[in-house]
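K.L.:
Structure below; questions to follow.
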Amino acid sequence: MSTLIESDEHKALRAAVSSFARTQTDAQGLWQAAAKLGYIGVNLPEEYGGGGGGITELSLVLEELGAAGNPLLMMIVSPAICGTVIARFGTEEQKRDWLPALADGSRLMAFGITEPDAGSNSHRITTTARRDPASGDWLLTGRKVFVSGVDIADATLIVGRTEDARTGSLKPCLFIVPRDAPGFTRRAIDMELHSVEKQFELILDDVRLPPQALVGDEDAGLLQLFAGLNPERIMTAAFAIGMGRHALSRAIEYARERTVWKAPIGAHQAIAHPLAQAHIDLELARLMMQKAAHLYDAGDDAGAGEAANMAKYAAGEACVKAVDQSVHTLGGNGLTREFGLARLITASRVARIAPVSREMILNYVSHQTLGLPKSY
């Protein structure tokens, strides 16, 4: 029942975040302001300065920030992916070093997995890490693309591959790479996307890292990786639902007030029904997002994987439809700067594309859930 009806505590958190987000006008100071109230680190362990909650609470925060028109993309990356991975698999030293700073907003961490030639196929990642036999250091070499916020992050959690001495095959591992590490360079990608956070291509040229830069066990492989990727999908769903709700609220307000032929345009079913459908789709997507978050927080990684993919798919579709219908409701005004909806047309596509495309989610569901033959 907890996945269907929010607790009083969650309702209070939602109301508080909503009230806070609607008063914020300084995009640059929003992260610190949210962190000061405990919203950024709400999912991190209390013993390391966090709120002691989970992805359930963090996704709720991001959704409400987005619904108020103040989404924070780096919440998907810094506390949700990186914070979760370090909290679950990091050494005591890594937890003490990073978690309090991620929770209070004084430090940020980016996440690099996508590569130019690998795309959605993480098994083709070519960024490799090898040991320096003389010092025990790691040497990391490779390229990453579409990495958010590297310029404002203190470090990037990089997915690399190490060679298994027993089999000779490559296995995924996670490394904390400081922003100023020698051999670690970045290039901003020129995006049409209107976003505070920039996208980067990264080049790692024999970046030397100490042994303690490795997060978790060398042999944990995919378990550690998906400990970060499932929260990423859930948080992307929250991002999309918040964006869709924000667009819809602007359209509903306009449909109530805009009068043509002596009646508000919202009185016409041709306007009202598509907005109602968009609202229903967003609510349904939110239910799956909440289910995925609850499963993840309960420790059911397999169940959370399926639900997180479904939630991300549903939220991406619902967001695109909500934004499209909202822009259409305003007509020409929907394309003006004054109403701020046109920029969401591009932004809403992100939830369909990243962090995994809707086609790859359909592949996952058809293969993993339905048991149909694998097509790739």
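K.L.:
Name the residue, out of Ala322, Ala270, Ala293, Ala308, that is open to solvent by 10 Å² or more (accessible area, probe 1.4 Å), among the hydrophobic types (A, V, I, L, M, F, W, C), modelled with pLDDT of 95 or more and in a helix (DSSP H, G or I).
P.N.:
Matching residue, one of Ala322, Ala270, Ala293, Ala308: Ala270.
Results for (1) out of contact with any Asp or Glu (no Cβ under 9 Å at 6 or more places or on another chain); (2) touching a residue at least 40 places away in the same chain (Cβ under 8 Å); (3) under 18 Å from Ile76 (Cα atoms); (4) crowded, with 19+ Cβ neighbours inside 10 Å, shown as yes or no for each residue.
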site: Trp261; (1), (2), (3), (4): yes, no, no, no
site: Tyr313; (1), (2), (3), (4): yes, yes, yes, yes
site: Gly331; (1), (2), (3), (4): yes, no, no, no
site: Arg337; (1), (2), (3), (4): yes, no, no, no
site: Ile353; (1), (2), (3), (4): yes, no, yes, no
site: Ser357; (1), (2), (3), (4): yes, yes, yes, no
site: Asn363; (1), (2), (3), (4): yes, no, no, no
site: Leu370; (1), (2), (3), (4): yes, no, no, no
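K.L.:
Related question: Please go through segment 196-220 and give me each residue that is open to solvent by less than 10 Å² (accessible area, probe 1.4 Å) and closer than 28 Å to Asp301 by Cα, ordered by number.
P.N.:
Correct list: Ala213, Val215.
K.L.:
Something else: For segment 332-368, name all the residues that are aromatic (Phe, Trp, Tyr) and within 17 Å of Ser195 (Cα to Cα).
P.N.:
Correct list: Phe339 only.
K.L.:
A further question follows. Consider Tyr254 against the criteria (1) open to solvent by 40 Å² or more (accessible area, probe 1.4 Å); (2) modelled with pLDDT of 95 or more; (3) among the aromatic types (Phe, Trp, Tyr): it satisfies all of them except one. Which criterion is unmet?
P.N.:
Every listed condition holds for Tyr254 apart from (1).
K.L.:
Okay, moving on. Whether any residue in segment 166-175 is buried (at least 20 other Cβ atoms within 10 Å of the Cβ), modelled with pLDDT of 95 or more, under 20 Å from the mean Cα position of the chain (by Cα) and among the hydrophobic types (A, V, I, L, M, F, W, C) is what I want to check.
P.N.:
yes
For every residue, the table says whether it meets (1) under 21 Å from Arg245 (Cβ atoms); (2) in contact with a Phe, Trp or Tyr (Cβ under 9 Å, 6 or more places away or on another chain).
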| residue | (1), (2) |
| --- | --- |
| Ala15 | yes, no |
| Gln32 | no, no |
| Val42 | yes, no |
| Glu63 | yes, yes |
| Thr91 | no, no |
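K.L.:
Moving to a separate point now. Can you tell me which of (1) assigned to a loop (DSSP other than H, G, I, E, B); (2) touching a residue at least 40 places away in the same chain (Cβ under 8 Å); (3) open to solvent by 20 Å² or more (accessible area, probe 1.4 Å); (4) not aromatic (Phe, Trp, Tyr) is the one Glu57 doesn't meet?
P.N.:
Every listed condition holds for Glu57 apart from (1).
The values are calculated or read from the model by the stated rules, or taken from the named source; none is laboratory data. This structure is a prediction, so every number in the text was calculated from the model and none was measured. Note that each Cβ is placed from the backbone with ideal geometry, even for glycine, and that neighbours are counted across all protein chains shown. The area values use the complete protein model at the heavy-atom level, side chains included, leaving out ligands, DNA and RNA. Shrake-Rupley method; radii C 1.70, N 1.55, O 1.52, S 1.80 Å.
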